[in-house]
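Read-outs throughout are calculated quantities, based only on the coordinates presented, and are distinct from any laboratory measurement. It should be emphasised that the depicted structure is a prediction, and the values quoted were computed from it without experimental measurement. Note that we place each Cβ from the backbone using ideal geometry, even for glycine, and neighbour counts take in every protein chain shown.
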Amino acid sequence: METLHKLNILTHIVCGSAALLLGLVALVVNKGKRVHKRVGNVFLVCLAVVILTGLFGVFVFRRNAFLLVITALSGYYGFSGYRILQTKSNQPQLLDVVIALASLGTVFYFVLYMSEIGLIWAPVIIYSTVGALLAIIAYDLLRYFIPKASYRRMWLYEHIYKMIGAFTALLAAFSGTVFNAYHPYSQILPSAIGVSLQVGFILYYVRKQKRASGNVKLPGVSAFANKPLTP
């Protein structure tokens, strides 16, 4: 059993490290292009392995249950960010609702677990992580009530926010584990960087879409403008 546990940890570390490197590549390459899509797909595969090995660590090997919340947060961000790219709408889908409710269940499990053993990490880390997961689940369940006309372009911003969120959650978990002596700052700093990236990329694409909309000309306007005025 101990050998299997070590193998699980090794797989978790290797795939987690690969996901972080792939996430960095996805951030810097041209968005929507072939390389970005391929790197993003491999990132999601590595993320899935990280989630699976994390769940094994919690439920099979009975390790730190707080890893369950971090795993659920990064996994849910990644899943939801991928799904919104596929659907590009807020039409309710059974799979999305089931995964959202399952992720919500992990929060309740963790809260019950913490009520028995107490806070084992800094409260600011625990509360912010649980709060982030609850907030994104609540949004995903409430977005179905947003009028479709208003939601038309929001899918892109959702994709940006959620995929960067998945990367940030992995980075915070890595930093918090490796630099354990510097809690809670070793996890707060990656989270702050992630929020800055989310805001920066979303603002960039909002402005880009506004510029694109401003450059659209109505049919016949140019031709009319070039005609001389006659009394």
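Calculated mean residue ellipticity, 222 nm, the chain: -27000 deg cm²/dmol, from DSSP H runs (n ≥ 4) at -39500 (n - 2.57) each, averaged per residue and rounded to 500.
Hey, fewest Cβ within 10 Å first, where do His5, His159 land in order? Display every interim value, and only then the final one.
Working: His5 15, His159 21.
Exposure proxy ranking, most exposed first: His5, His159.
Considering the values (1) 20.3; (2) 12.2; (3) 16.9, which represents mean projected area of the Cα convex hull in nm² as calculated for the structure under consideration? Read-out taken from this structure: (3). Among the listed pairs Lys37/Lys148; Lys88/Lys208; Lys33/Lys208; Lys6/Lys37; Lys33/Lys148, those whose Cα-Cα separation exceeds 22 Å are Lys37/Lys148; Lys6/Lys37; Lys33/Lys148. Extending 7 Å from the Cα toward the beta-carbon at both Ile9 and Asn30 defines two label points whose distance is 4.4 nm.
Quick check: residue separation of Val45 and Leu141 times 0.36 nm, minus the Cα distance between them. What number comes out in nm?
Working: separation 96, 0.36 × 96 = 34.56 nm, distance 2.50 nm.
Result for the pair: 32.1 nm of gain on full extension.
Only one residue of Val111, Ile164, Ala48 has its Cα farthest out toward the positive end of the dipole of the chain, where Lys and Arg carry +1 and Asp and Glu -1 on Cβ, and that residue is Ile164. Between Lys208 and Leu21, the modelled label-to-label distance comes to 2.6 nm, taking each label 7 Å out from Cα in the direction of the beta carbon.
How big is the charge dipole of the chain about its Cα centre, in debye rounded to the nearest 20, if each Lys and Arg gets +1 on its Cβ and each Asp and Glu gets -1 on its Cβ? Don't jump to the answer; show the numbers that get you there.
On the way: 21 positive and 5 negative charges, 293 e Å.
Approximately 1400 debye in magnitude.
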